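Q: Let me begin by handing over the structure; questions about it come next.
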Amino acid sequence: MREENQNKNMALLEDFNTAVAQSKDLPSRPSNEDLLQMYALFKQGTEGDVSGDKPGGFDFKAIAKYNAWEEKKGMDKEKAMQEYVSLVERLKKELA
């Protein structure tokens, strides 16, 4: 059972890394909402829950990215990776 889980995690990591590479070659630019979701799922999948202080001032882009990541708080890394892979697959079809 443990080996099966390890193989599943390795396959997920491979799929995730492939999706990350594919996200850089999408046929056109995703919407800002989709870009924020990609960012948040990537950060949650690689680093876990949001950390650091929320950006202040007029750095609206940084604030939006922080907020999007914060919304994923509590989601486990594997689920975030799976959702990232699904999002990139959807975008590849939609933006083609």
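Q: Answer yes if at least one residue in region 38-48 is outside any helix (DSSP H, G or I) and either on the phi > 0 side of the Ramachandran plot or at pLDDT below 95 (or both), and no otherwise.
A: For region 38-48, residues outside any helix (DSSP H, G or I) and either on the phi > 0 side of the Ramachandran plot or at pLDDT below 95 (or both): present.
Q: Only one residue in K61, K79 is surrounded by fewer than 16 Cβ atoms within 10 Å (Cβ to Cβ), more than 17 Å from N17 (Cα to Cα) and not hydrophobic (A, V, I, L, M, F, W, C), so which one is that?
A: The unique qualifying residue is K61.
Q: Here is a further query. Any residue at all in region 38-51 that is within 19 Å of K93 (Cβ to Cβ) and out of contact with any Cys (no Cβ under 8 Å at 6 or more places or on another chain)?
A: The answer is yes, given that some residue of region 38-51 is within 19 Å of K93 (Cβ to Cβ) and out of contact with any Cys (no Cβ under 8 Å at 6 or more places or on another chain).
Q: Could you tell me how many of the residues in region 50-92 are closer than 26 Å to N9 by Cβ and assigned to a helix (DSSP H, G or I)?
A: 19
Q: Further, regarding this structure: So M1 clears everything in (1) loosely packed, with under 11 Cβ neighbours inside 10 Å; (2) in contact with a Pro (Cβ under 7 Å, 6 or more places away or on another chain) except one condition, right? Which one?
A: (2)
The values are calculated or read from the model by the stated rules, or taken from the named source; none is laboratory data. Everything quoted here is computed from the prediction, not taken from an experiment. In this analysis, Cβ positions are derived from the backbone assuming ideal geometry, glycine residues included, and neighbour counts consider all displayed protein chains.
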